[in-house]
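Novice: First the structure, which I've put down as structure tokens, then a few questions once you've had a look.
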Amino acid sequence: MSESHGKGMRALILVGGFGTRLRPLTLTMPKPLVPFCNKPMIIHQVEALKEAGVTDIILAVAYRPEAMKAEMEEWGRQIGVTFIFSHETEPLGTAGPLALARDELLKDDQPFFVLNSDVTCKFPLRELLAFHRKHGHEGTIMVTKVQEWHKYGVVVYDETSGLIDQFVEKPKKFVGDKINSGIYCFNKSILNRIKLEKTSIETQVFPQMASSKELYCMELEGFWMDIGQPHDYIDGIAKYLPSILGTPKESESLFNEQTAKDLHFSVVGCVMIDPTAEIGAGCVLGPNVTVGKNCKIGPSCRIQNSAIFENTVIGAGAYISKTIIGWNNIVGRWCRIENNAVFGDDVQVKPELHLNGVKVLPNKTISQSYDKPEVLM
Ligand code: GTP
């Protein structure tokens, strides 16, 4: 496809969910702005859309639009896309927002993309558009292969043409192992199917399109992860980092800035450290660690499979594993934090504590150990 193909296209990103499963991070920040690998989650999608030739992106917002607007307008200038905010006064689900944005979407006659804001993958949108144009029907959804197909809505389709036959929710016996990845391309005619009311695209619109033989699917190559909950967010780092840094061979270090031999600390596997962060001598970081802007990690810390958000200070000798440490935290020396723990904004942890799987609400000081997962208010 030529470079100019698709230029000027429109896209809609669904950013209206409450993000309850990613609390306490989403108590102070809308989910799309929560960082993933040192960039707001949604920016990964926006960059991919821009790369595919999209210039106008409708953000379907239902919750705290003001928090989104200020930050997104700055990103729009940097990336070179225009954002149009479509604000729901009542949440309209995953299809209703398309009806609300109808006039905006109808400003040209090209197909448009629709994306969920909380998935990570390579976003092969040019390939999606090419496949969509080739079959010539109303909609295409990207599907991804999963191991635990019995936990999901499985898409049953013709392997040769991609035509979707039906969706089977949590099948008891094997009917397929591909599920909806939350990445779509539609013709404008889909808007004739959607009323301006709370509607689910997955359970109300797609089955109807499939029965009129207007819905196709294309298999997404490579990794995919819904990063809307802590465990999957942490797994998502392990999938995303190798996709941009390369897959490490045994005992190899892959780091975004320098090679580990130039450093006074060690890197194991894939690690992403913002250039403004300071890492103490003798630390061992990785695999699958991200450290945000202006963080200060004290000497001799061991951090693995974790994200540390910006402006956080970690004391000497801390051990952090499978944890998301939010913004502006202060973690005391020799703490041990593990097992899908998540700390909100502005949390302080006194030295020498063990925190196992706890979710800590914003602005909280922790002065004792917790050996079992619980929510600390
Ligand atoms: P949880 O509360 O943790 O389930 O997260 P969520 O509210 O984001 O729900 P879910 O992950 O199922 O949503 C999938 C996508 O649809 C996300 O990108 C959401 O932002 C978006 N979404 C869900 N409900 C709405 C809605 O009512 N309006 C809009 N505009 N987007 C929505």
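Novice: Only one of (1) within 14 Å of the ligand (Cβ to nearest atom); (2) among the hydrophobic types (A, V, I, L, M, F, W, C); (3) open to solvent by less than 30 Å² (accessible area, probe 1.4 Å) fails for V81. Which number is that?
Specialist: Unmet condition: (1).
Novice: Continuing with the same structure: Check whether at least one residue in the stretch 251-266 is within 21 Å of the chain's Cα centre (by Cα), closer than 19 Å to S321 by Cα, modelled with pLDDT of 70 or more and open to solvent by less than 40 Å² (accessible area, probe 1.4 Å), and report yes or no.
Specialist: The answer is no, given that none of the residues of the stretch 251-266 is within 21 Å of the chain's Cα centre (by Cα), closer than 19 Å to S321 by Cα, modelled with pLDDT of 70 or more and open to solvent by less than 40 Å² (accessible area, probe 1.4 Å).
Novice: Looking at this structure, is L12 at pLDDT below 95, within 15 Å of the ligand (Cβ to nearest atom) and open to solvent by less than 20 Å² (accessible area, probe 1.4 Å)?
Specialist: In short, no.
Novice: Name the single residue, out of those in the stretch 34-62 being free of Cβ contacts under 8 Å to residues at least 40 places away in the same chain and closer than 12 Å to S117 by Cα, that is surrounded by the fewest Cβ atoms within 10 Å (Cβ to Cβ).
Specialist: Top of the filtered list is I43.
Novice: Something else about it: Given the condition in contact with a Phe, Trp or Tyr (Cβ under 8 Å, 6 or more places away or on another chain) and part of a loop (DSSP other than H, G, I, E, B), answer yes or no: does some residue in the stretch 297-305 qualify?
Specialist: Yes, the stretch 297-305 contains at least one residue that is in contact with a Phe, Trp or Tyr (Cβ under 8 Å, 6 or more places away or on another chain) and part of a loop (DSSP other than H, G, I, E, B).
Novice: Could you tell me whether any residue of the stretch 20-31 is near the ligand (Cβ under 9 Å from one of its atoms) and either in contact with a strand residue (DSSP E or B) (Cβ under 6 Å, 6 or more places away or on another chain) or not in a helix (DSSP H, G or I) (or both)?
Specialist: The answer is yes; a qualifying residue exists.
This table checks each residue for (1) in contact with a helix residue (DSSP H, G or I) (Cβ under 9 Å, 6 or more places away or on another chain); (2) surrounded by fewer than 22 Cβ atoms within 10 Å (Cβ to Cβ).
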{"site": "V313", "(1), (2)": "no, yes"}
{"site": "I320", "(1), (2)": "no, no"}
{"site": "R336", "(1), (2)": "no, yes"}
{"site": "D345", "(1), (2)": "yes, yes"}
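Novice: On to the next question. So, in the stretch 329-359, how many residues would count as being part of a loop (DSSP other than H, G, I, E, B), in contact with a Phe, Trp or Tyr (Cβ under 8 Å, 6 or more places away or on another chain) and within 24 Å of K293 (Cβ to Cβ)?
Specialist: The number of residues fulfilling the criteria is 4.
Novice: Name the single residue, out of those in the stretch 360-375 being over 22 Å from A316 (Cβ atoms) and assigned to a loop (DSSP other than H, G, I, E, B), that is least open to solvent (accessible area, probe 1.4 Å).
Specialist: P362
Novice: Sticking with this one: Taking the residues in the stretch 215-244 that are in a strand (DSSP E or B), within 16 Å of the ligand (Cβ to nearest atom) and not acidic (D, E) as candidates, determine which candidate is nearest to P30 (Cα to Cα).
Specialist: M225
Novice: Taking the stretch 211-223 as the region of interest, how many residues are modelled with pLDDT under 95 and open to solvent by less than 40 Å² (accessible area, probe 1.4 Å)?
Specialist: 2
The values are calculated or read from the model by the stated rules, or taken from the named source; none is laboratory data. On a predicted model such as this, the values are computed, not experimentally measured, just so you know. With ideal geometry, Cβ positions are generated from the backbone for all residues, glycine too; neighbour counts draw on all protein chains shown. Surface accessibility is based on the protein's heavy atoms, side chains included, excluding ligands, DNA and RNA. Shrake-Rupley method; radii C 1.70, N 1.55, O 1.52, S 1.80 Å.
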